[in-house]
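Peer 1: Quick one: this structure, given as structure tokens, is what I'll be asking you about.
The values are calculated or read from the model by the stated rules, or taken from the named source; none is laboratory data. Keep in mind that what you see is a predicted model, and the values were worked out from it rather than measured. Here the Cβ is made from the backbone with ideal geometry for all residues, glycine too, and neighbour counts use every protein chain on show. Ligands, DNA and RNA are excluded from the accessible area calculation, which covers all protein heavy atoms including side chains. Shrake-Rupley method; radii C 1.70, N 1.55, O 1.52, S 1.80 Å.
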Amino acid sequence: MSRTLYVVDGHYQIFRAYYAPFDRLTSPMGEPTKATHAFCGMLFNLIRTRSPDFLVMALDVGDATVFRRDLYAEYKTNREPPPEDFAPQADRIVSIVEAMGIPILRVPGFEADDLMATLAARAEEDDVDVYLVSRDKDLEQLLTDRVRMFDPVKNETVDVAGLLERKGFTPAQAVEIQTLTGDTVDNIPGIKGVGPKTALKLIKEYGSAANVLANADKLTPKLRERVSAFVDGIDLTRQLVTLRRDVPFEFDLESAQFDVECAARVRPIFEELGFRRLMEQLEELGETSGKVESRKSKVEKTDSETRQTDPSLALGTRNEGESGNYRLVDTPEKLDVLAAALERLDVFAFDTETTSLNPVGAKLVGISVSWESGTGWYVPVRAAMGVTLPIALVVEKLRPVFENPAVAKCGQNLKFDMVVLRQVGIEVAGARFDTLLASVLLDPLRPSHGLDALARDILGHAMIPISDLIGKCRNQTTMDQLDSARVGEYASEDADYTWRLYEYFKPRLAESAVLSVFETLEMRLVEVLAEMEHNGVGLDPSVLVEMSGSMADRMAELTEEIHAAAGYTFNIDSTKQLATVLFDEQGLAVVRKTKTGRSTDAETLASLVATADCVIPSLVLEYRELTKLKGTYVDTLPQMVNERTGRIHSSFHQTGAVTGRLSSSNPNLQNIPIRTETGRRIRAAFVAGDPGHVLLAADYSQIELRVLAHFCGDANLLQAFCEGQDIHAYVAARVNGVDIEAVTKE
């Protein structure tokens, strides 16, 4: 039986998920998740029903870099930018796919369709059946006896015979038809007035687009005129619609073997997003895979794996044709040389290696620096093998230059490294350039602003995957358990390519309209946020422990009341069982249906509370609210207190929201409710962590609305602010036609 390769058309499926016909979804923290949930559901369905041997996703890098733009400047210029909440969901989907161990293909200058075409051609040579997971008509030209299109939503496969039966043409004729019609979606010119039906008729009669033009005199006068006008454009259109099958990129088919165990790594992400049903499906995937070994072949160790365990190997090159002069600082003398070199610089890039992604709780493994393309230095302080230097000595020698504001520092997600170094006693000064922030400001719609993605998309370089070092899934280890020389190669490359990106972004920022935002707002904010993350916030766990007990008691009471009202015991958390109680047994009207059945979401229950004479909907709403708050905050926050500091250290993100607002995570302090009594009690658990201090809450008092009032000059808004009115109460009074005194705080 032939092995199968499924290639997911990334952006096609992400857009399809975004516009799926069901209501908007959000996570417990307020993150939009409709597209994320729909995409993951599609992916799980594909894995469950098709059991792919190999699985990979292809993505576009960005329209601006595509070679088709060089051929035709107007290519895709007619497209509207995606909605604001699309990009964060696309980023989240990419992170989920990566966490599942599914390779993602992106090559600067080419589109996902070109990568799929190239991959399909190569896989055929490897005796593999290829399934292109898409319904994009542009891929029809790729169909062969071994290459098919697959629609995971409809569970339909289209092969050569199916294309001919459905649309009346062959894969070879697909290009000819598109050459005549062009593509209005991508702004590709074609013969005016010639659609797919006319084009098919012409190709069937004359065989090719070129022959249609050659026989223009045989056409009707009007069509002859339009065809003749297209003579000069036919070659360009053919190039634009023809997919490339020769895209240069390295791809090892075996690396795309799908492993269900690796897929389980998305569980923490699903828990964060509140994807309970998908977590159940994740368990089902593990069960259907059987309690047998992974399908992955047990191959001998690769060279890179061997290097991990051989401390005698020096740092050096990895990528073909590219050398990195990477040096291991493994003696006090070399450390002195490095410190002296850094003191003489105007600017350098640095990076830290740690034992975890929690900058306050992580242990420092090493520091890498670079100030010239192709070079890097790595100072190891922790390792299971190889040489390390005492951390006290490293701090003593490097602290002066890191704390010298006259020597500028740059980094990729610089705040993380600043917080890490703060834990060992180095307060970084002179933070001048963050390549991640530069990328976000210059190209906010870029799918990913991570170092690996930027190096690949901008510099054409494939970074060493971290999985090459610490492994994947159950066999994953931490950086301090490796050989210092191997970590040094990885870390030096990070610093080297951060420096290269700095050199790439700096002149582009200087010529952009966002330079002042970068320099006066974003980079200054980096130091402020680093200080906030380091300091953390105090928490009184006793408040939450008491709340947890009372909430558990109330949830038990609600459960009894709901069961009593229903007349029997059932699973309140089961949508199907709750729907049976409400609509079949209580006779309530069905408010809304979804693909999976009758809806029992919060909006539906609120509607039933207002219209139906039944206590169950209101009781379930209260039960769900308590369940959410208890699981998300009350029981979770005490577990997030750092043992060393006794505080909670949330991470703050300048790039987490498309609106430009800050977001926070681990935990998300911004989404703790304030308009309910339970929410206010949760907030009361945050305290001033030190004696003699107070916790001050400050608010800009509707700053956006004040700016709006200033610019639009609305008389009512101006009057409300000039009189010091509560703007929300003021608006509520006017909208509802009541006195402002009648508007309650709620």
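Peer 1: Might you let me know whether region 274-282 holds any residue that is modelled with pLDDT of 90 or more and either over 28 Å from residue 61 (Cβ atoms) or of a type outside the set (D, E, K, R) (or both)?
Peer 2: Scanning region 274-282, I find no residue that is modelled with pLDDT of 90 or more and either over 28 Å from residue 61 (Cβ atoms) or of a type outside the set (D, E, K, R) (or both), so the answer is no.
Peer 1: Follow-up. Report, by residue number, each residue of region 331-349 that is assigned to a helix (DSSP H, G or I) and aliphatic (A, V, I, L, M).
Peer 2: Correct list: 335, 337, 338, 339, 340, 341, 342.
Peer 1: Pick out, from region 25-120, the helices (runs of 4 or more DSSP H) lying fully within it that include 2 or more residues that are under 30 Å from residue 600 (Cα atoms). Can you show your working first?
Peer 2: Values: elements: 34-50, 67-71, 86-99.
Ranges flagged: 34-50, 86-99.
Peer 1: Same structure again: Residue pairs, Cβ under 8 Å, 6 or more apart or interchain, first in region 663-689 and among the polar types (S, T, N, Q), second open to solvent by 50 Å² or more (accessible area, probe 1.4 Å) and part of a helix (DSSP H, G or I). List them.
Peer 2: Hits for this filter: 663/670; 664/670; 666/640; 676/625; 678/625.
Peer 1: Right, here's the next one. Quick one: in region 614-640, which of the residues that are open to solvent by 70 Å² or more (accessible area, probe 1.4 Å) and of a type in the set (Lys, Arg) is nearest to the chain's Cα centre (by Cα)?
Peer 2: 628
Peer 1: Please work out if residue 652 is open to solvent by less than 90 Å² (accessible area, probe 1.4 Å), of a type outside the set (D, E, K, R) and part of a helix (DSSP H, G or I).
Peer 2: Details: open to solvent by less than 90 Å² (accessible area, probe 1.4 Å): yes; of a type outside the set (D, E, K, R): yes; part of a helix (DSSP H, G or I): no.
Considered against the rule, which asks whether it is open to solvent by less than 90 Å² (accessible area, probe 1.4 Å), of a type outside the set (D, E, K, R) and part of a helix (DSSP H, G or I), residue 652 comes out as no.
Peer 1: Now a separate question. Are there any pairs, at least 6 apart or on different chains, whose C-beta atoms fall under 8 Å, with the first in region 469-491 and on the phi > 0 side of the Ramachandran plot and the second open to solvent by 10 Å² or more (accessible area, probe 1.4 Å) and among the hydroxyl-bearing types (Ser, Thr, Tyr), and if so, which?
Peer 2: So the pair list comes out as 471/477.
Peer 1: Given the conditions (1) β-branched (Val, Ile, Thr); (2) part of a loop (DSSP other than H, G, I, E, B); (3) open to solvent by less than 70 Å² (accessible area, probe 1.4 Å), which single one is not true for residue 682?
Peer 2: Result: residue 682 passes all but (2).
Peer 1: Moving to a separate point now. Looking only at region 230-243, count how many residues are open to solvent by 80 Å² or more (accessible area, probe 1.4 Å) and modelled with pLDDT of 90 or more.
Peer 2: Let us first name the residues in region 230-243 that are open to solvent by 80 Å² or more (accessible area, probe 1.4 Å), namely 232, 235, 239.
Next cut, modelled with pLDDT of 90 or more only: 235, 239.
The qualifying residues number 2.
Peer 1: Restricting the search to region 516-550, which residues are over 17 Å from residue 435 (Cβ atoms), among the β-branched types (Val, Ile, Thr), under 33 Å from the mean Cα position of the chain (by Cα) and part of a helix (DSSP H, G or I)?
Peer 2: Hits for region 516-550 are 520, 528.
Peer 1: For residues in region 728-746 being part of a helix (DSSP H, G or I) and among the aliphatic types (A, V, I, L, M), which is most open to solvent (accessible area, probe 1.4 Å)?
Peer 2: Selected residue: 735.
Peer 1: Please find, among 606, 589, 579, 556, the residue that is assigned to a loop (DSSP other than H, G, I, E, B), farther than 30 Å from residue 433 by Cα and not hydroxyl-bearing (Ser, Thr, Tyr).
Peer 2: Among 606, 589, 579, 556, only 589 is assigned to a loop (DSSP other than H, G, I, E, B), farther than 30 Å from residue 433 by Cα and not hydroxyl-bearing (Ser, Thr, Tyr).
Peer 1: Applying the selection to region 591-613, what residues are within 22 Å of residue 563 (Cβ to Cβ), surrounded by 17 or more Cβ atoms within 10 Å (Cβ to Cβ) and among the hydrophobic types (A, V, I, L, M, F, W, C)?
Peer 2: Passing the criteria: 605, 608, 612.
Each row is one residue, and each column tells you yes or no for (1) touching a residue at least 12 places away in the same chain (Cβ under 8 Å); (2) in contact with a helix residue (DSSP H, G or I) (Cβ under 6 Å, 6 or more places away or on another chain).
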{"position": "142", "(1), (2)": "yes, yes"}
{"position": "147", "(1), (2)": "yes, yes"}
{"position": "158", "(1), (2)": "yes, no"}
{"position": "164", "(1), (2)": "no, no"}
{"position": "174", "(1), (2)": "yes, yes"}
{"position": "186", "(1), (2)": "yes, no"}
{"position": "191", "(1), (2)": "yes, yes"}
{"position": "203", "(1), (2)": "yes, yes"}
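The rows are residues; the columns are (1) in contact with a Pro (Cβ under 8 Å, 6 or more places away or on another chain); (2) buried (at least 18 other Cβ atoms within 10 Å of the Cβ); (3) in a helix (DSSP H, G or I).
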site: 398; (1), (2), (3): no, yes, yes
site: 401; (1), (2), (3): no, yes, yes
site: 421; (1), (2), (3): no, yes, yes
site: 446; (1), (2), (3): no, yes, no
site: 449; (1), (2), (3): no, yes, no
site: 457; (1), (2), (3): yes, yes, yes
site: 463; (1), (2), (3): no, yes, no
site: 477; (1), (2), (3): no, no, no
site: 485; (1), (2), (3): yes, yes, yes
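Peer 1: Also, quick follow-up: Provide a single number: the residues in region 137-196 that are open to solvent by 30 Å² or more (accessible area, probe 1.4 Å), at positive phi and under 34 Å from the mean Cα position of the chain (by Cα).
Peer 2: 2
Peer 1: Do we have residue 711 as open to solvent by less than 80 Å² (accessible area, probe 1.4 Å) and at pLDDT 85 or above here?
Peer 2: Taking the combined requirement at face value, the residue does not satisfy it.
Peer 1: List every residue pair whose Cβ atoms sit under 9 Å apart, with the two residues 6 or more apart in sequence or on different chains, where the first one lies in region 383-403 and is at pLDDT 95 or above and among the basic types (Lys, Arg) and the second, anywhere, is open to solvent by 10 Å² or more (accessible area, probe 1.4 Å) and assigned to a helix (DSSP H, G or I).
Peer 2: Close Cβ pairs (under 9 Å, with a partner that is open to solvent by 10 Å² or more (accessible area, probe 1.4 Å) and assigned to a helix (DSSP H, G or I)) amount to 397/332; 397/336; 397/339.
Peer 1: With the requirement that a residue be in a helix (DSSP H, G or I) and surrounded by 13 or more Cβ atoms within 10 Å (Cβ to Cβ), what does region 717-727 give you?
Peer 2: Result: 717, 718, 720, 721, 727.
Here is a yes/no grid of residues against (1) within 31 Å of the chain's Cα centre (by Cα); (2) at pLDDT below 90; (3) more than 24 Å from residue 417 (Cβ to Cβ):
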site: 654; (1), (2), (3): yes, yes, no
site: 659; (1), (2), (3): yes, yes, yes
site: 662; (1), (2), (3): yes, yes, no
site: 666; (1), (2), (3): yes, yes, no
site: 676; (1), (2), (3): no, yes, yes
site: 679; (1), (2), (3): yes, yes, yes
site: 688; (1), (2), (3): no, no, yes
site: 727; (1), (2), (3): no, yes, yes
site: 733; (1), (2), (3): no, no, yes
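Peer 1: Still on this structure, I have one more. For region 27-40, which positions are over 14 Å from the mean Cα position of the chain (by Cα) and either modelled with pLDDT under 90 or open to solvent by 50 Å² or more (accessible area, probe 1.4 Å) (or both)?
Peer 2: Quick first cut of region 27-40, residues over 14 Å from the mean Cα position of the chain (by Cα) only: 27-30, 38.
Passing the criteria: 27, 28, 29, 30.
Peer 1: Would you confirm whether any residue within region 619-640 is of a type in the set (A, V, I, L, M, F, W, C), without any contact (Cβ under 8 Å) to a residue 60 or more places away in the chain and part of a loop (DSSP other than H, G, I, E, B)?
Peer 2: Taking every residue of region 619-640 in turn, none turns out to be of a type in the set (A, V, I, L, M, F, W, C), without any contact (Cβ under 8 Å) to a residue 60 or more places away in the chain and part of a loop (DSSP other than H, G, I, E, B).
Peer 1: Among the residues of region 499-511, are any among the aliphatic types (A, V, I, L, M) and either outside any helix (DSSP H, G or I) or open to solvent by 30 Å² or more (accessible area, probe 1.4 Å) (or both)?
Peer 2: First pass over region 499-511, keeping only residues among the aliphatic types (A, V, I, L, M): 501, 509-510.
If we keep only those that are either outside any helix (DSSP H, G or I) or open to solvent by 30 Å² or more (accessible area, probe 1.4 Å) (or both) too, we end up with 510.
Yes; the residues of region 499-511 include at least one that is among the aliphatic types (A, V, I, L, M) and either outside any helix (DSSP H, G or I) or open to solvent by 30 Å² or more (accessible area, probe 1.4 Å) (or both).
Peer 1: Give me the residue from region 572-590 that is among the hydrophobic types (A, V, I, L, M, F, W, C) and touching a Ser or Thr at 6+ places or on another chain (Cβ under 6 Å) and, out of that set, surrounded by the most Cβ atoms within 10 Å (Cβ to Cβ).
Peer 2: Here the answer is 578.
Peer 1: Looking for something loosely packed, with under 15 Cβ neighbours inside 10 Å and at pLDDT 50 or above - is there at least one such residue anywhere in region 297-318?
Peer 2: No, region 297-318 contains no residue that is loosely packed, with under 15 Cβ neighbours inside 10 Å and at pLDDT 50 or above.
Peer 1: Can you tell me how many residues in region 542-568 are among the hydroxyl-bearing types (Ser, Thr, Tyr), farther than 21 Å from residue 613 by Cα and free of Cβ contacts under 8 Å to residues at least 40 places away in the same chain?
Peer 2: Final tally of qualifying residues: 2.
Peer 1: Considering region 122-164 alone, what residues qualify as being in a helix (DSSP H, G or I), modelled with pLDDT under 90 and hydrophobic (A, V, I, L, M, F, W, C)?
Peer 2: 123
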